[in-house]
1. Say we look at region 46-84 and pick out the residues that are surrounded by 15 or more Cβ atoms within 10 Å (Cβ to Cβ) and without any contact (Cβ under 8 Å) to a residue 40 or more places away in the chain; which of these is nearest to S111 (Cα to Cα)?
2. Among the candidates S78, S25, S4, which residue alone is at pLDDT below 85, polar (S, T, N, Q) and closer than 30 Å to A135 by Cα?
3. Going through Q86, Q66 one at a time, which residue ends up being assigned by TED's automatic domain parsing to the domain that holds K124 and touching a helix residue (DSSP H, G or I) at 6+ places or on another chain (Cβ under 8 Å)?
4. Could you figure out which of (1) touching a residue at least 12 places away in the same chain (Cβ under 8 Å); (2) surrounded by fewer than 13 Cβ atoms within 10 Å (Cβ to Cβ) isn't true of N264?
Amino acid sequence: MLVSMTRADLENLIQTAVKAALSNSSIQLPQQAAISSGKEKVKKAKKVKDPNAPKKPANDWIKFCQDVRNALLAGLDSKPGFEVQQFCSLLKSQLPLLAANEKGKQEPDYSMIPSAEVIVQRFKDWTPPEQSKAAAERASKAPSAAASPASDSAAASAPEVPPVPSVPAEKKARKPQSEETKAAAALKRAATKAANAAASSGTNAAASTSSGTNAAASAVPPKPIGPKPATAAAPAPAPSPADDENEITDFAPTIIKGKPYIRNKRGDVMTEDYAWVGRYSDTKREIDTKFPKPADLEE
């Protein structure tokens, strides 16, 4: 028997079969199994401590220590200190033991505490230790830092070593100047003096010239209005040998990239000891150290 159905009918049939299988399945997820078995973990709420709640009753040991302290306070003239706790431990060790409890531990019978007079007399006859039990335990656990007597005597007899004085750093010796360097420096100083003298004399001459020009201008009639006649350009004066020599030998101190140098108008750069460095370029703003030393500076 053949049954004809469409693709949509087939998909609906498959989905219906899957849903039916899942609804009747006995497989459960872990969370579902825990919920069904009643074993799901429930977070316990944090207990809130009541500040007005009564305190727990003290145990037998604390009561025993309180009774011993009260007996000592009543029978002694001075107030006892920390040694009461050690004295209580001594009395505890002298008490008879009870039968073993559920944990198999034998506790002392605190009901057999001596009378107040006996406690006071025993405390007077008792010699307390120099340090407490806790302090003795800490001292035993700590490494022994005390040195032996032999090492102490050796350290005391050893001579005291004086401290080594600090040696100041030696200054770098300055390189002695050669005769050529000294001659160049003398030439530079002479050229500088000559340039300063020439500048001062030129300033005075210019001032006198300007005063004469003003006097002559007041007497000259006004110029006619009109285009100026064309005049030939005057030739530029040729540089004198003295100017060329000043341009070469006139070195002035300068700072280039944070370092001190001396430089002339031509751009030659030397150190303060007149050692050749190179030619300074105004466009690149740096020193060309590969530039050869000019022949006029070799003298």
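1. So the residue we want is C65.
2. On the way: S25 fails: closer than 30 Å to A135 by Cα; S4 fails: closer than 30 Å to A135 by Cα.
Only one candidate passes the filter, namely S78.
3. Numbers: Q66 fails: touching a helix residue (DSSP H, G or I) at 6+ places or on another chain (Cβ under 8 Å).
Only one candidate qualifies: Q86.
4. (2)
The values are calculated or read from the model by the stated rules, or taken from the named source; none is laboratory data. None of the values given here were measured: they were computed from a predicted structure. As a convention, Cβ positions derive from the backbone with ideal geometry for all residues, glycine included, and neighbour counts pool all protein chains shown.
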